[in-house]
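A.B. asks: The structure follows.
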Amino acid sequence: HIDGLILTHTDRDHAGGAENLLSRIRTDLLILPRQAEKIVVPKDTQVVIAEQNLEITDGSGKISIFAPVFHGEENEMSLCVLFDTEKCDILITGDRNAFGERSLLRHADIPNVDVLIAGHHGSRYSTSQELLTAVRPEIVCISVGVDNPYGHPAQEVLDRLSSFGCTVYRTDHQGTITIRR
């Protein structure tokens with residue numbers, strides 16, 4: 001059973017297994033960006049298209065979902081997610097590049113975070129200096145395949161993260177990353 005599933009956008013590397021997952025595991029809530037209406041969803045799953053910012057609160061914290069402000073290329077239309085709890089704040093920017101990250105910072109109140117999921121798998125166009133300066137992450141996780149054809153993560157991103165003193169974990173080096181606080 002899954003309480004909720006958030007898809008940042010519909011690129012195969014982010015949402016390719018969603019329909020299979022939804023067909024096998026009961027999911028109460030599915031939150032999608034506006035361009036994802038084509039995903040097949042079981043009847044008993046509530047679907048929310050995030051055309052505006054959303055906030056989900058429970059006793060231990062809140063989840064803020066930030067819809068894109070501008071229409072554009074699909075990566076720039078990624079939902080951003082902030083998990084805000086007493087023990088740990090985690091920011092996910094999907095595949096937005098520096099322009100989309102600046103848009104997020106201009107239109108949302110993003111605090112310093114404990115954990116940042118590197119944008120666009122460590123692409124040189126994401127996880128910008130502006131984002132790092134604004135959110136000051138202690139830990140950055142990079143979801144990236146071994147020997148991927150894009151060369152992710154880019155060395156310049158790794159250099160940026162090093163200059164900020166971030167601890168970096170990579171799925172191509174460490175496999176599944178679990179953070180406990």
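The values are calculated or read from the model by the stated rules, or taken from the named source; none is laboratory data. Keep in mind the model is a prediction, meaning the values are calculated, not measured. Counting neighbours? That spans all protein chains shown, and the Cβs are built from the backbone with ideal geometry, glycine included. Keep in mind that these areas ignore ligands, DNA and RNA; they rest on the heavy atoms of the full protein, side chains included. Shrake-Rupley method; radii C 1.70, N 1.55, O 1.52, S 1.80 Å.
A.B. asks: Go through segment 37-55 and report how many residues are crowded, with 16+ Cβ neighbours inside 10 Å, farther than 13 Å from LEU5 by Cα and modelled with pLDDT under 90. Talk me through it step by step, then tell me what you get.
C.D. replies: In the first step, residues of segment 37-55 are kept if they are crowded, with 16+ Cβ neighbours inside 10 Å; the result is 41, 50, 54.
From the residues that got through so far, the ones that are farther than 13 Å from LEU5 by Cα too are 54.
From what is left, the residues that are modelled with pLDDT under 90 are none.
Residues flagged as crowded, with 16+ Cβ neighbours inside 10 Å, farther than 13 Å from LEU5 by Cα and modelled with pLDDT under 90 within segment 37-55 amount to 0.
A.B. asks: Of everything in segment 3-16, what is at pLDDT 90 or above and open to solvent by 40 Å² or more (accessible area, probe 1.4 Å)? Give them in sequence order.
C.D. replies: ASP3, GLY4, ILE6
A.B. asks: Further, regarding this structure: For segment 24-36, give me each residue that is modelled with pLDDT of 90 or more and part of a helix (DSSP H, G or I).
C.D. replies: The answer is ARG24, and nothing else.
A.B. asks: Now for a different question. Hey, could you check segment 81-99 for residues that are among the acidic types (Asp, Glu) and under 13 Å from VAL135 (Cβ atoms) and say which is most open to solvent (accessible area, probe 1.4 Å)?
C.D. replies: It comes out as ASP84.
Yes/no per residue for (1) touching a residue at least 60 places away in the same chain (Cβ under 8 Å); (2) buried (at least 20 other Cβ atoms within 10 Å of the Cβ); (3) among the charged types (D, E, K, R):
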site	(1), (2), (3)
THR57	no, no, no
SER60	no, no, no
PRO68	no, yes, no
SER78	yes, yes, no
LEU105	no, no, no
ASP114	yes, no, yes
LEU131	no, yes, no
GLU138	no, no, yes
CYS141	no, yes, no
